[in-house]
């Protein structure tokens, strides 16, 4: 996988990411469930300085489990969630995998926040699972 590109449903927001994601995970936290309207969100952790956004997303800010803010960026026209900026993970942005133009090279490497996973949600049984965020390191 090389550079990534994507955007919202209506095309008002577009983005490019240079380079490879640092991680790809399926997040089962309640906030991701509510934001996506389904069981989980596929997140690509990418260096913040590798992301270029065209258009002006709206921001909804909530408090993360760390107590630090999480800025959830979305299209104000069509409502598509674009990325999350969790201040506890300085220097990383979390692109919403479903907004990519081409998802063929994406492979989920972990499931996080499995303590709040919907019982009807099933992914690859071989993928490592964590009750909350994975241990640092």
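Numbers for the structure displayed
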| item | result |
| --- | --- |
| Residue among 81, 131, 47 that alone is surrounded by fewer than 16 Cβ atoms within 10 Å (Cβ to Cβ) and touching a helix residue (DSSP H, G or I) at 6+ places or on another chain (Cβ under 8 Å) | 131 |
| Residue within segment 20-33 that is within 11 Å of the chain's Cα centre (by Cα), assigned to a loop (DSSP other than H, G, I, E, B), within 20 Å of residue 104 (Cα to Cα) and modelled with pLDDT under 90 present | no |
| Test: residue in segment 75-86 that is on the phi > 0 side of the Ramachandran plot, assigned to a loop (DSSP other than H, G, I, E, B) and modelled with pLDDT of 90 or more | yes |
| Number of the condition not met by residue 125 [criteria: (1) loosely packed, with under 13 Cβ neighbours inside 10 Å; (2) closer than 16 Å to residue 14 by Cα] | (2) |
| Members of segment 84-105 found to be in contact with a helix residue (DSSP H, G or I) (Cβ under 9 Å, 6 or more places away or on another chain) and closer than 21 Å to residue 35 by Cα, listed by number | 84, 85, 92, 93, 96, 98, 103 |
| Identity of the residue in segment 123-132, within 18 Å of the chain's Cα centre (by Cα) and part of a loop (DSSP other than H, G, I, E, B), that ends up modelled with the highest pLDDT | 127 |
| Selection within segment 104-122 - part of a loop (DSSP other than H, G, I, E, B) and loosely packed, with under 13 Cβ neighbours inside 10 Å | 104, 105, 107, 118, 119, 120, 122 |
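The values are calculated or read from the model by the stated rules, or taken from the named source; none is laboratory data. Note that this is a predicted model, so its numbers are computed, not measured. Cβ sites come from the backbone with ideal geometry, for glycine too, and all protein chains shown count toward neighbours.
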